[in-house]
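The values are calculated or read from the model by the stated rules, or taken from the named source; none is laboratory data. Since the structure is predicted, the reported quantities are computational estimates derived from the model, not experimental observations. Cβ atoms come from the backbone with ideal geometry, glycine included; neighbour counts cover every protein chain shown.
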Amino acid sequence: MNDRLSLGPDAARQLATTTKTTPQMRGITPRYLLRALPWVDVESGVYRVNRRRTFVLGDDRITTYCSGETHHVVSEDLREIPYLREADEGALRELASAFTQVTFDAGQVLAQEGDAADRLWVLVRGRAEKRVTGRYGEDALLEVIGDGQFFDLDSWSRAESLPYRVKALTPGVALCVDRTALTGLVERDEALRTAWQGYTSGERTVPGSEVPVDLTAGHVGEPDLPGTYVDYEDEPREYHMTLAQTVLRVHSRVADLYNEPIDQTRAQAGLTIEALRERQERAVLTHPEFGLLHNVAPGQRVQTRTGAPTPDDMDELLTKVWKQPAFFLAHPRAIAAFGRECTRRGVPPVIDTRHGSPLLTWRGVPLLPSDKMPLTGPDGAGTTEILLMRVGEATQGVVGLRPSKVPDEVEPGLAMRNMGMDQKGITSYLMTAYFNAAVLVEDAIAVLQNVEVSKYHDYS
């Protein structure tokens, strides 16, 4: 017997209209990088960055590889040494084979200030700091170096004494080569000897610095005025549009019958566009050719001193992009690690909402989170990097690139082109996002490397 006195909710719902959401997608992120970058509309599909001529440089790294338990230098990467850039492969292989492996412990002194630079050191794994005795006898930190970096090329090449001492911050492995291996090659190879002599007898120029413009200043007397001109790079870099692309398929039956209250084609296209934009942001950061992480100049790289990102590390990064820094970009876990270091020191970062949500800032520069920043190593104990950049053409910074107009454009630089319907009644749409990014001047971007995200403190 039914004791109910009114219509039940289960039955009533059969006559009710359900309020529906549009399709949700967990993979959508704020994409702060794409929002914060100024975008340049490229008319011809090619963006050329003309620069003043600079002294040649590589990436300031010598790559190594491991065979069994023994590490070796990649011989071709010895071209990072200026006078070996044109050396033949045989000479490079011979010098690479002369490297021997050395292990070291945290706190160990690898080289003393004033000692003869009879060995070139290449760090395979680990971090070390260069220190020097200052003008008044104080101990001064010059630089922290890490994997792939080497010291001291100038002193080793010129048979001079080391201008600083090097102390290991972590345990690690290095490869070393005696100077006799170099002199043996130089004695037998005339072309190499000429290049080496040019390097050791010439002025010490900083790789990556611009060729100077001769000027004079003052108002005393009648000095002869220097003649000069500003030289440009012979082969300026050109950025071509790259793309993220897919084909979206929608069956006509679905589009015809199930199109209210939410347009099925529009819903499918919307989520596909979100996925394309996510891929675009990842490519702008990590693409091996034009990705920002792969276009940081050697002098713009900073190593963490203790692993965790400290206020000191962030300040050091700011010295690299001190001209109108716009924002840091970091993995959320790196930002959390930085927050912990600030908490430990009692210097909580200021919160800013200029990008629509509360964000940590350091020295007034916001830290924008992005899960596209690579996190390498074991889960929960990996390392990452933190970028700092200046943005915009007017400030000679970093800019995003996109075509000024493409056919069937639904968003700037993104097209949705109807490819027609096949015999199964499926309509295909070609979805394409065109983009790139350019670093206009090398000091527009810098990176903090080997950032550990798993360091916690006991506040009890």
| said: So for the range 311-333 (the condition being among the β-branched types (V, I, T), within 19 Å of D443 (Cα to Cα), free of Cβ contacts under 8 Å to residues at least 60 places away in the same chain and assigned to a strand (DSSP E or B)), does at least one residue qualify? | reply: no
| said: For T361, only one of the following conditions fails: (1) crowded, with 20+ Cβ neighbours inside 10 Å; (2) β-branched (V, I, T); (3) modelled with pLDDT of 95 or more; (4) in contact with an Asp or Glu (Cβ under 7 Å, 6 or more places away or on another chain). What is its number? | reply: (1)
| Within the range 451-460, which residues are surrounded by fewer than 20 Cβ atoms within 10 Å (Cβ to Cβ) and either assigned by TED's automatic domain parsing to the domain that holds D313 or within 15 Å of F338 (Cα to Cα) (or both)? | E452, S454, K455, Y456, H457
| request: Among what's in the range 35-52 and is in contact (Cβ under 8 Å) with a residue 40 or more places away in the chain and of a type in the set (G, A, S), pick the residue that is farthest from P369 (Cα to Cα). | output: G45
| task | Would you mind listing the helices (runs of 4 or more DSSP H) fully within the range 164-283 where at least 1 residues are modelled with pLDDT under 90 and closer than 30 Å to E143 by Cβ? | result | 179-188, 190-201
| query | Going by the structure shown, is R402 farther than 17 Å from T319 by Cα, over 15 Å from the mean Cα position of the chain (by Cα) and charged (D, E, K, R)? | reply | yes
| Which condition breaks for Y434 when tested against (1) in contact with a Pro (Cβ under 9 Å, 6 or more places away or on another chain); (2) in a loop (DSSP other than H, G, I, E, B); (3) not assigned by TED's automatic domain parsing to the domain that holds T265? | (2)
| What number goes with the only condition from (1) in contact (Cβ under 8 Å) with a residue 24 or more places away in the chain; (2) assigned to a strand (DSSP E or B) that A140 does not pass? | (1)
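Name the residue that is surrounded by the most Cβ atoms within 10 Å (Cβ to Cβ), counting only residues in the range 129-144 that are touching a Lys or Arg at 6+ places or on another chain (Cβ under 7 Å) and among the hydrophobic types (A, V, I, L, M, F, W, C).
Residue satisfying both the conditions and the ranking: V144.
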| request: Return the residue satisfying two criteria in turn: it lies in the range 283-294 and is buried (at least 19 other Cβ atoms within 10 Å of the Cβ) and of a type outside the set (V, I, T), and of such residues it is nearest to A244 (Cα to Cα). | output: A283
| note | Within the range 154-166, of all residues that are out of contact with any helix residue (DSSP H, G or I) (no Cβ under 7 Å at 6 or more places or on another chain) and surrounded by 17 or more Cβ atoms within 10 Å (Cβ to Cβ), the one farthest from T103 (Cα to Cα) is S155
| query | Does A96 qualify as being more than 23 Å from A168 (Cα to Cα), in the same structural domain as R131 (by TED's automatic domain parsing), surrounded by 12 or more Cβ atoms within 10 Å (Cβ to Cβ) and in contact with a strand residue (DSSP E or B) (Cβ under 6 Å, 6 or more places away or on another chain)? | reply | yes
| said: Would you confirm, using the coordinates I've provided, whether K372 is surrounded by 15 or more Cβ atoms within 10 Å (Cβ to Cβ) and either at pLDDT below 95 or touching a Ser or Thr at 6+ places or on another chain (Cβ under 9 Å) (or both)? | reply: yes
| field | Options E94, E113, E86; residue that is farther than 26 Å from G307 by Cα, more than 29 Å from the chain's Cα centre (by Cα) and among the acidic types (D, E) | value | E94
| request: Assess whether G377 counts as being over 21 Å from the mean Cα position of the chain (by Cα) and among the small types (G, A, S). | output: no
| note | The one condition I81 fails out of (1) out of contact with any Lys or Arg (no Cβ under 9 Å at 6 or more places or on another chain); (2) buried (at least 21 other Cβ atoms within 10 Å of the Cβ); (3) more than 18 Å from W156 (Cβ to Cβ) is (3)
